[in-house]
1. With each label point set 7 Å from Cα along the Cα-Cβ vector, what nm distance links ASP262 and ALA206?
2. Give the whole-number value, in cubic angstrom per residue, of the convex hull volume spanned by the C-alpha atoms of the stretch 122-167.
3. Of the options VAL254, THR315, PRO289, report the single residue whose Cα projects farthest towards the positive end of the charge dipole of the stretch 212-356 (beta-carbon charges: Lys, Arg +1; Asp, Glu -1).
4. Using only the Cα atoms, work out Rg/Rh for the stretch 70-136, with Rh taken as the Kirkwood radius, to two decimals.
5. Once you charge only the Cβ atoms, +1 for Lys and Arg and -1 for Asp and Glu, what is the size of the charge dipole of the stretch 212-356 about its Cα centre, to the nearest 20 debye?
6. Does anything in the stretch 169-211 have its amide N under 15 Å from the 7 Å Cα→Cβ label point of THR67, and if so which residues?
7. Does the stretch 232-319 come out rounded, prolate or oblate, given a ≥ b ≥ c as the square roots of the eigenvalues of its C-alpha gyration tensor, rounded meaning a/c under 1.5 and, failing that, prolate meaning a/b above b/c?
8. Indicate the gyration tensor shape class of the stretch 72-194 (rounded, prolate or oblate), computed on the Cα atoms with a ≥ b ≥ c the square roots of the eigenvalues: a/c under 1.5 is rounded; otherwise a/b larger than b/c is prolate and the rest oblate.
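A short reminder: the numbers here are calculations on the coordinates, not readings from a lab. Not measured: the values here are computed from a predicted model. Please note: Cβ atoms are built from the backbone with ideal geometry, for glycine as well, and neighbour counts cover all protein chains shown.
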Amino acid sequence: MRRPLRFRSLAVVGLLLVAVTATACGSDGTDATSDDETTTTAEGTGSGTAGDGAFPVTIDHAFGSVTIDEAPKRVVSVGYTEQDVLLALDVTPVGVTDWYGDQPHATWPWAQDELGDAKPEVLSIADGFQYEKIAALKPDLIVGTNAGMEEDSYEKLSAIAPTLAQKDGAEGYFSEWDDQTLMIGRAVGKAAEAEDLVDGVKADFAAAAKAHPEWAGKQVVFLQNAFYEGNAIAYQDGLSTDFLTDLGFEVPKVLDDYVTEDGGQAYIPIEKLSVLDDADLLIWGTEAPSDRGELEKEPLYRALEPVQDGHLVFTDGETAGAIYFTSVLSLPYVLDQLVPALEQALGDGGPATIGGK
């Protein structure tokens, strides 16, 4: 069964930006609000207030810089995961962008409490930015740090409203989660809150690593669900594997031999599956009960040493999604779900299944 690819492979293969004439549109003309004030709209509840002295603020990014003169009240998120950062900062966007998963209002369970009863407009970038829909939302800030923005699309979006693109020198998709959080925090006037959130997540991972010194140096591989067109798809060191290395684990260097030319994931042909014997533990990003069954149909999978030893973790769809999101809200969810599973799989408990599949 064909599975959607995540991260850079999804970005490179799945998106083709198309030229759409942008309708230039400014903000809704309302004044900046005080710290506790919010603006309720048909599309959602926008809040983006800040303390004295936060504005104006100028932020450098891949295409120059953006200056935001006052606290934004109508924020549109045009990338895959930025809604998590905004919600964590108590800024509810009037528009969000769907990645995958068919979640209500493109908001996954780990962010639902922060969303509350708001109902932001759901956008898509599957066929390029929806410029007219974005303009119709009358944003006073467009956030696209994880939107694969290019010079042309940035110019069209910035004609609608001040636009925050990815960090200069960073990947257009899935650059460092902490950098994105800090940039967005400055843009909405909540730089200190953003720093606190980032520090808190890092402290939680450090505490988990300290509580499990036996994990230090263990070789662990995270893989997508089941097989894809005759390959196992693994994440090599440095490609969104911080959730493992921050816990003290290491990612086997052998995966580097199978990385795609575009720098995406490592594609390991099933006939070469034995390279996974370098791992002490395999984490499979399974998303449905059938995924594990598909793996177990393959004799070369069953012959792997980690499989024989029971050193396996199988996720559920939500935990896999949280790993893929790698956001300030999803990472604490990953930690809560993953730590008990790791304790079981690396102890005497055998394979661990998150979510009870």
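1. The modelled label-to-label distance comes out at 3.7 nm.
2. Details: hull volume 3.4 nm³, N = 46.
That works out to 74 Å³ per residue.
3. PRO289
4. On the way: Rg = 11.3 Å, Rh = 12.0 Å.
We get a ratio of 0.94 for the stretch 70-136.
5. Numbers: 6 positive and 26 negative charges, 35 e Å.
Rounded to the nearest 20 debye, it is 160 debye.
6. Counting backbone N atoms under 15 Å from the label point, the list is empty.
7. Details: a/c = 1.40, a/b = 1.21, b/c = 1.15.
Rounded, since a/c falls under 1.5.
8. Details: a/c = 1.31, a/b = 1.10, b/c = 1.19.
Rounded shape, in that the Cα axes give a/c under 1.5.
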